[in-house]
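Since every read-out is calculated from the coordinates, none of them should be taken as a lab result. A quick note: this is a predicted structure, and the numbers were derived from the prediction, not measured. Every residue, glycine among them, receives a Cβ derived from its backbone with ideal geometry; neighbour counts consider all protein chains shown.
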Amino acid sequence: MARKGRQAAVKQQPSKPATPAKKAAAVTASRSDDEDDEEEDDEDDDGFEDQGSSSDDNHSDNENDDDDASDDEKTTQRFVESREKQLQRMRDDGSLKVASHLHIDDLSSDDEEAHNTIGNVPLRWYEEYDHIGYTVDGQKIIKQTKTDGIDDAIAAKDDPNYSRTVYDAYNDRKVVLTDRELEIIRRMQSGAFAHPEFEAHADLVETFSSEVMIHSLANDQEPKSRFLPSKWEKMKVLKIMKGIREGRIQVDKKPDDKPDVFQMWFEDDQEAQVRKGPAHVQAPKMILPGHAESYNPPEEYLFTPEEKKAWLEQDPSDRDLNFIPQKFNSLRDVCGYSNFVRERFERCLDLYALYSSSPLTL
């Protein structure tokens, strides 16, 4: 700044012819000014260098960090080196390429695009049409020309992807399977999981039961009332003691001795004393059907015209049979029994009137 001020002052002064003495004085003054400027620059540089060099400090810090490397960093470094060696071995034997196909998510795959939007309907509905459905834009999906055995043989020779090509009948197109899909199919056919890194029997991680709890969840102090005798229990004990003193509660009462042998069935007189109400009378069994009630009875059981006339003239209470025997060629020709409901009703009346007719014994 002093140098610039001097130069400005020199420029403002009017120029005069310089003498040799003045020229020498001017040269000496300029040299002294240059020396002063160099000293100021050196002082500025010294002040800047006193702040410290970042490169030297970084170098010293890196050396300290290398010396203070922890065991975890060394373990991580060894793992990275072993992983790189494993990847190199997989590159050499070609297994890395196969594994990479399994991890690739082919977002541009045609299989994920729904070309045909007809839904889950049978394709035979479109056999009479020239298309098999519609696209998302509403355009028809025209059927392709079907190939025969000759075309398949030519394609097997010319097409390198013929062995991995499958026909998609739903969209009427041929799809070329990728390496990833072929590897998945091969693994599934061999009985393995589709993904090679899937762990069927992974180690059990005891998330909650790994840490044993020493104290309970509610680690509160027991209340003082639990260590004191209960007031209500004391009242119950006093009540029992009072009942024992009054004789209402017998402590030493022995149970009644029951005989070891007892009668299983009552006698007739004892049963009449125990049972309440009228005595039980077993209903008589119905008479079993005889030969006359057969759908194909013998000839001697059939009525002659004279016997039939006499049966009709008799009183219903005097008849031996309450029906006329008939003969049928087969069981399916037998008609319904017209007196079935009447006979059951009369039997119920007889059982109902039995108690009123039997005398009661006291």
On a full-extension model of 0.36 nm per residue, what is the gain between Y337 and R226, subtracting their alpha-carbon distance, rounded to one decimal in nm? 31.6 nm
Using 0.36 nm per residue, how much length does the chain from Q326 to I249 gain when fully extended, once their Cα-Cα distance is taken away? 19.6 nm
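Please give the FRET efficiency for M90 paired with A153, using the beta carbon to beta carbon distance and R0 = 25 Å, rounded to the nearest 0.05. Walk me through the intermediate numbers first.
On the way: r = 39 Å, r/R0 = 1.55.
Rounded to the nearest 0.05, the efficiency is 0.05.
Rounded to a whole number of µm²/s, how large is the Stokes-Einstein D of the stretch 116-189 at 4 °C and 1.567 mPa s, given Rh as the Kirkwood radius over C-alpha pairs? Don't skip to the answer; put the middle values down first.
Details: Rh = 14.6 Å.
In µm²/s, the coefficient rounds to 89.
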Any idea how far apart K140 and E211 come out in nm if each label point goes 7 Å out from Cα toward Cβ? 7.0
Residues whose placed amide H lies under 5 Å from that of K174, excluding near-sequence neighbours: D168
Counting sequence-distant residues (5 or more places) and residues on other chains, those with an amide H built under 5 Å from that of I141 are I132, G133, Y134, T135
Quote the FRET efficiency, to the nearest 0.05, computed for L349 versus Y295 with a Förster distance R0 of 30 Å and r equal to the Cβ-Cβ distance. 0.55
Please compute the length gained on full extension between D72 and I240, using 0.36 nm multiplied by the number of residues separating them and subtracting their Cα-Cα distance. 53.0 nm
Through the Karplus equation 6.51 cos²θ - 1.76 cosθ + 1.60, θ set to phi - 60°, convert the phi angles of the stretch 171-183 into ³J(HN,Hα) values in whole Hz; use x for Gly and Pro. 9, 6, 7, 9, 10, 8, 6, 7, 5, 5, 5, 5, 5
So what J values fall out for the stretch 346-353 if you push phi through Karplus, 6.51 cos²θ - 1.76 cosθ + 1.60 with θ = phi - 60°, rounded to Hz, Gly and Pro as x? 5, 5, 5, 5, 5, 5, 6, 7
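Based on the Cβ-Cβ distance of D260 and K285, what FRET efficiency does E = 1/(1 + (r/R0)^6) give at R0 = 35 Å, to the nearest 0.05? Walk me through the numbers on the way to the answer.
On the way: r = 40 Å, r/R0 = 1.14.
Taking R0 as 35 Å, the efficiency between D260 and K285 is 0.30.
With respect to the cross-link table entries K285/K327; K85/K157; K234/K258; K236/K258, which display a Cα-Cα separation exceeding 31 Å?
From K285/K327; K85/K157; K234/K258; K236/K258, over 31 Å: K85/K157; K234/K258; K236/K258.
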